[in-house]
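As structure tokens, the structure follows; a few thoughts come after it.
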Amino acid sequence: DTGVSQDPRHKITKRGQNVTFRCDPISEHNRLYWYRQTLGQGPEFLTYFQNEAQLEKSRLLSDRFSAERPKGSFSTLEIQRTEQGDSAMYLCASSIAGAGGTQYFGPGTRLLVL
Amino acid sequence: QQQVKQSPQSLIVQKGGISIINCAYENTAFDYFPWYQQFPGKGPALLIAIRPDVSEKKEGRFTISFNKSAKQFSLHIMDSQPGDSATYFCAAISGGGADGLTFGKGTHLIIQP
């Protein structure tokens, strides 16, 4: 399977714990996006990388959230001191710069904060 | 982010009928309009997309109609099948894509056999 992959697919944690999610984009896709989707809503943009550079962050991305893409390939999204409001599906997408917005999504990581 | 308004919130169509979902946008800088299909527990899958220099794009049973002056676009699913039952999202993005896609709130489509 050469699509976008995400790990883990599900995560249950207690409030106050830190969690980290991983995204592996489609090979040779130099753009990588993180989105958050809550139940009954469309995905909301969180942040965007072109290669290893984080070029844009949404105001939704509080100080407790940090994302990295150290070698321009896979990316990680870390949430520190999780809150119940962080419970959501975290989606990763990738695209090729110049492809005009065609983004391909992974299966997502569903986070439940107890 | 600028808003993309999607309607209806839910839709029930008989098998073989036409499903129509509408979206309206505000930001005239948007220049790429994809539709995504999402099944429960899965990520969104790209269905079809259009740019504002064309008024219609057809791929199989799926057609996008685009009205630039009205800032509206719609998805038509012809000969709707039970397997089309899913949530559909319209989205929009501008230029370099640095802000990410702006999604509508989704339409829950049910195709009755």
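Under the condition of being assigned to a loop (DSSP other than H, G, I, E, B) and in contact (Cβ under 8 Å) with a residue 60 or more places away in the chain, which residue from segment A:65-84 is least open to solvent (accessible area, probe 1.4 Å)?
The qualifying residue least open to solvent (accessible area, probe 1.4 Å) is A:Thr82.
Given the options A:Leu55, A:Leu60, name the one that is under 17 Å from B:Leu101 (Cα atoms) and facing another protein chain (nearest Cβ under 9 Å).
Being under 17 Å from B:Leu101 (Cα atoms) and facing another protein chain (nearest Cβ under 9 Å) holds for just one of A:Leu55, A:Leu60, which is A:Leu55.
Out of all the residues in segment A:17-62, which are open to solvent by 70 Å² or more (accessible area, probe 1.4 Å), touching a residue at least 40 places away in the same chain (Cβ under 8 Å), part of a strand (DSSP E or B) and more than 27 Å from B:Thr87 (Cβ to Cβ)?
A:Thr20, the sole residue that qualifies.
Counting residues that are within 14 Å of chain A (Cβ to nearest Cβ) and in contact with a Phe, Trp or Tyr (Cβ under 7 Å, 6 or more places away or on another chain), which strands (runs of 3 or more DSSP E) fully inside segment B:57-113 reach at least 3?
Counting at least 3 such residues, we get B:86-94.
Could you tell me which numbered condition B:Tyr36 fails, if it satisfies all but one of (1) closer than 26 Å to A:Val4 by Cα; (2) among the aromatic types (Phe, Trp, Tyr); (3) more than 9 Å from chain A (Cβ to nearest Cβ)?
With (1) closer than 26 Å to A:Val4 by Cα; (2) among the aromatic types (Phe, Trp, Tyr); (3) more than 9 Å from chain A (Cβ to nearest Cβ) applied to B:Tyr36, the lone miss is (3).
Out of the residues in segment A:85-107 that are more than 9 Å from every other protein chain (Cβ to nearest Cβ) and not in a loop (DSSP other than H, G, I, E, B), state the one that is nearest to A:Trp34 (Cα to Cα).
Residue satisfying both the conditions and the ranking: A:Tyr90.
Tell me the residue from B:Ser55, B:Ser7 that is open to solvent by 60 Å² or more (accessible area, probe 1.4 Å) and among the hydroxyl-bearing types (Ser, Thr, Tyr), please.
On inspection, the qualifying residue turns out to be B:Ser55.
The values are calculated or read from the model by the stated rules, or taken from the named source; none is laboratory data. This one's a predicted model, so the numbers in the text were calculated from it and none came from an experiment. Every residue, glycine among them, receives a Cβ derived from its backbone with ideal geometry; neighbour counts consider all protein chains shown. What goes into the accessible areas is simple: the full protein's heavy atoms, side chains included, and nothing from ligands, DNA or RNA. Shrake-Rupley method; radii C 1.70, N 1.55, O 1.52, S 1.80 Å.
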